[in-house]
Amino acid sequence: MERLKANEQKSGLPIDYYYLGGGDKNNADRGGQIQKVNLETLEKSLATSGPIKVISGQADLMFRAITDKQAAKLPTWNSELQLIEHSTGVLSSQAYTKKLNRDAELLADASERAAVSALLLTGATYPQQTLNNAWGLMLRNQFHDNLPGTSIPKVYEHSWNDGIIALNQFAGVYKDAIGALVQTLNTDVTGVPIVVYNLLSI
Amino acid sequence: MKFTGAKSLIASTQPLTLKYDTDIFSYNSYREDGYDDRNPRNEGHCGTMDGKGGTYPAEMIGDTVRMGNVTFAIGSRKVSDYNAVACLGQNVDLPKGTKVLHLLAAADEDMDVVFKSGNKELPLSIGGWTGYMGSWDNREFEGFVAELSYSLRNKLKTIHPAYIRNQRIAWSTSHHHLPTEDALYQYSYLFAYRLEIPEGATRITLPNSRFVRIVAMTVGDEGNAKALKSPFEDLKRD
């Protein structure tokens, strides 16, 4: 009721919004299923006519119901959209995981460009399976606790290893592709030929 | 999109048929495969990666492992079938004209060994089949620390220094098999190695190191140039 009143005061709309079945308390970490007690409470709320009208629906229902006229009165928030109860102040937590992620992003881009060039110019095999696998490991590390730095310590041992495997595979693809491309060059010159590959294209 | 003038410069590779003598794969339905002695063999006990029951999860690998332009053929993973070669100093014949030999291999732990071909010694560091490929500085605490916890009240015992293993991974998965269970988050790997065979050589002599296991050999120049500098240079420690 307090939140509804506060919302009405700020925006003119006495409405609010709750997820059902999400969050640690509702076992989201074990699949996010709705607990029986929550479902019963919801059914009860839908059936009774109290001071609050409860609607069970899709996540966008409330936002779509707001008219342009109503939306014009909504307050403006001109600041960070910070999730105040999760991952606050973790910019420097688990910095190595963040470094691995950034390295993997850069190397994924470089290896992709090199592999496509090698495919088009030399007919080299496009290593889709290896790239998919490395991407999967990199993206797994971007899970909302891993990359921010809010997992338990044991997770980071696995996280580092996944990141290092991803780098290993991206680097392998990169080396193969550059190797194939280099073979198309005429290096029959006086002195020692040196090949420079500029992955920045500048 | 087509590039005029683009042509295939990549020679195809040819898997070799190996004389397997070791069983290092098991399926979920029978994780003791490779470890049990219910099918006695003349060669004696020739199973598992570490001699202690650890095997690769067969359900996680297919009949081939592809790495760049190289294709490795994986042997049968059925119960009691052999699917790897233990290195016991034996010779393996190579097709005439072999210039490059690709190995898919691993050992029970990181192992420096020497292959021989013609008059050439070919040293390799074969990677351990499990464990982490690397780690950041990792803190170990005194006393009991529940795995699913932070160690807020335990005193710091030591910091294990960061490391990176640089063997090239051709295949990996995040667990392996023990005779009675899945060893979860106990990763397993197969590594790829490239050997340049001296001209005229018709065979390769394997090192005498029985826990170095060769899973596949493939011949053929896949068009790879000499390996580039490692992108991990900044992670290396004293």
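Structure notes:
- Computed from the C-beta positions of A:Thr88 and A:Lys5, the FRET efficiency with R₀ = 30 Å rounds to 0.65.
- In this simple spin-label model, placing a label point 7 Å from the Cα along the Cα-to-Cβ direction at both B:Lys52 and B:Asp21 gives a separation of 2.4 nm.
- For the protein assembly as shown, with all protein chains in place and a probe radius of 1.4 Å, 53% of the accessible heavy-atom surface sits on carbon or sulfur.
- Chain A: angle of helix A:153-182 to the longest principal axis, Cα-based, in degrees nearest 10: 40 degrees
- Taking all protein chains together and rolling a 1.4 Å probe, B:Glu181 ends up with roughly 90 Å² accessible.
- Summed side-chain charge close to B:Tyr27 - residues other than B:Tyr27 whose Cβ falls under 13 Å, Lys, Arg +1, Asp, Glu -1: -3
- Each residue of the range B:135-140 is assigned a 3J(HN,Hα), and the resulting list reads 7, 8, 3, 10, 7, 10 Hz, derived from the Karplus form 6.51 cos²θ - 1.76 cosθ + 1.60 (θ = phi - 60°), x at Gly and Pro.
- Taking label positions 7 Å along the Cα-Cβ direction at both B:Arg210 and B:Asp110, the computed distance is 2.5 nm, reported to one decimal.
- Nearest 10 degrees, 0 to 90: helix A:128-140 Cα axis against chain A principal axis: 40 degrees
- Tensor-based shape of the protein assembly as shown (alpha-carbon gyration tensor, a/c under 1.5 rounded, otherwise prolate or oblate): prolate
- For the residues A:Trp77, B:Trp136, a 1.4 Å probe over the protein chains yields an accessible-area ranking, largest first, of A:Trp77, B:Trp136.
- Average accessible area per residue (Å²) across chain A - probe 1.4 Å, nucleic acids and ligands excluded: 67 Å²
- Taking Cβ atoms as reference points and 14 Å as the exclusive limit, the residues near B:Asp112 contribute a net charge of -3, counting Lys and Arg as +1 and Asp and Glu as -1.
- Cβ-defined net charge surrounding A:Asn161, 13 Å radius [Lys, Arg +1; Asp, Glu -1]: +1
- Solvent accessible area, Å² - B:Val79, 1.4 Å probe, full protein context: 60 Å²
- For the protein assembly as shown, calculated [θ]222 nm from helices alone, where every DSSP H run of n ≥ 4 adds -39500 (n - 2.57): -7500 deg cm²/dmol
- Packing-based ranking, highest mean first, of B:95-106, A:52-63, A:90-101 given that Cβ atoms within 10 Å are counted: B:95-106, A:90-101, A:52-63
- Zone of B:Arg66's modelled label, taken as backbone nitrogen in the range A:115-139 under 19 Å from a point 7 Å along Cα→Cβ: A:115-137
- Relative to the longest principal axis of the Cα atoms of chain A, the long axis of helix A:95-122 makes an angle of roughly 50 degrees.
- Shielded by partner chains, the range A:176-202 residues - at least 50 Å² of accessible area, 1.4 Å probe, vs chain alone: A:Asp176, A:Gln183
- Shape category assigned to the range A:97-202 from the gyration tensor of Cα positions, a/c cut at 1.5: prolate
- Residues of type aspartates and glutamates that B:Lys116 reaches as a straight line, Cα spacing below 20 Å, ignoring anything fewer than 8 places off in the same chain: B:Asp93, B:Glu196, B:Glu199, B:Asp221
- In the B-A interface, the accessible area buried, summed over both sides, Å² (probe 1.4 Å): 3600 Å²
The values are calculated or read from the model by the stated rules, or taken from the named source; none is laboratory data. Computed from a predicted structure; not experimentally measured. FYI the Cβ positions are ideal-geometry reconstructions off the backbone, even for glycines, and counts take in every protein chain you see. Note: accessible area is taken over every heavy atom of the protein model, side chains too, but ligands, DNA and RNA are not part of it. Shrake-Rupley method; radii C 1.70, N 1.55, O 1.52, S 1.80 Å.
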